[in-house]
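Enquirer: One structure follows; several queries about it will come next.
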Amino acid sequence: MVEKADIKQKFCAVILAGDRGAEDPVARAAGLSRKCLVPVAGVPMLVRVVAALTASPWIGDIAVVIEEPELLQGLEGLRPHLHSGRLRALPAAARCSPRACLCRGSRTAVRGGERRPRYAARGPAPRS
């Protein structure tokens, strides 16, 4: 197991929490606007993902790409991370999907003059 002291570089995490439209069966069944807001055992899925990332010694900053960033303020489990600045909400671009916008860039992100590897993970693509 890797100790925190051994970690020299932390990675930025990107969570794609975009709207899959009115046809998303999970959100529709729960009566919610977004699948990421659906509770599993009483905790919204997005809160679970952020909790897992913040618990990792490998993860530094976390960005959530979502059409309505103000939705994050309504999730109690996210407020401390939003106020600390570790978690940021990024509005999804209207011109392209968040996945397409992220994929156009290089595999590294520059922040504060420092180049950092950038990785994005997402769930399965919606069926057409």
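Enquirer: So, of the residues in segment 82-100 that are over 13 Å from D61 (Cα atoms) and surrounded by fewer than 15 Cβ atoms within 10 Å (Cβ to Cβ), which turns out to be modelled with the highest pLDDT? Before you say what the answer is, go through the steps one by one.
Expert: Of all residues in segment 82-100, those over 13 Å from D61 (Cα atoms) come to 91-100.
This time we only want the ones that are surrounded by fewer than 15 Cβ atoms within 10 Å (Cβ to Cβ), so: 91, 93-97, 100.
Working: P91: 86, A93: 68, A94: 51, R95: 49, C96: 50, S97: 50, A100: 46.
Restricting to residues being over 13 Å from D61 (Cα atoms) and surrounded by fewer than 15 Cβ atoms within 10 Å (Cβ to Cβ), the top hit is P91.
Enquirer: Right, another one. Could you run through segment 45-76 and say how many residues are closer than 9 Å to A89 by Cα and in a strand (DSSP E or B)?
Expert: Count: 5.
Enquirer: Let me ask another. Regarding A27, is this residue in a helix (DSSP H, G or I) and touching a Ser or Thr at 6+ places or on another chain (Cβ under 8 Å)? It would help to see each step written out before you state the result.
Expert: On the way: in a helix (DSSP H, G or I): yes; touching a Ser or Thr at 6+ places or on another chain (Cβ under 8 Å): yes.
Spelling it out, A27 is indeed in a helix (DSSP H, G or I) and touching a Ser or Thr at 6+ places or on another chain (Cβ under 8 Å).
Enquirer: I'd like the residue in segment 1-24 that is within 10 Å of the chain's Cα centre (by Cα) and assigned to a loop (DSSP other than H, G, I, E, B) and, out of all such residues, is modelled with the lowest pLDDT.
Expert: Only one residue fits best here, namely G18.
Enquirer: Please determine, by comparing only the residues of segment 15-66 that are under 20 Å from R79 (Cβ atoms) and of a type in the set (K, R), which one is surrounded by the fewest Cβ atoms within 10 Å (Cβ to Cβ).
Expert: Among them, the one singled out is R48.
Enquirer: Name, by its number, the condition in (1) of a type in the set (G, A, S); (2) in contact with a Cys (Cβ under 6 Å, 6 or more places away or on another chain); (3) without any contact (Cβ under 8 Å) to a residue 40 or more places away in the chain that does not hold for A17.
Expert: Every listed condition holds for A17 apart from (3).
The values are calculated or read from the model by the stated rules, or taken from the named source; none is laboratory data. Fair warning: this is a prediction, and the values are worked out from it, not measured in the lab. Glycine gets a Cβ as well: all are built from the backbone with ideal geometry, and neighbour counts include every protein chain shown.
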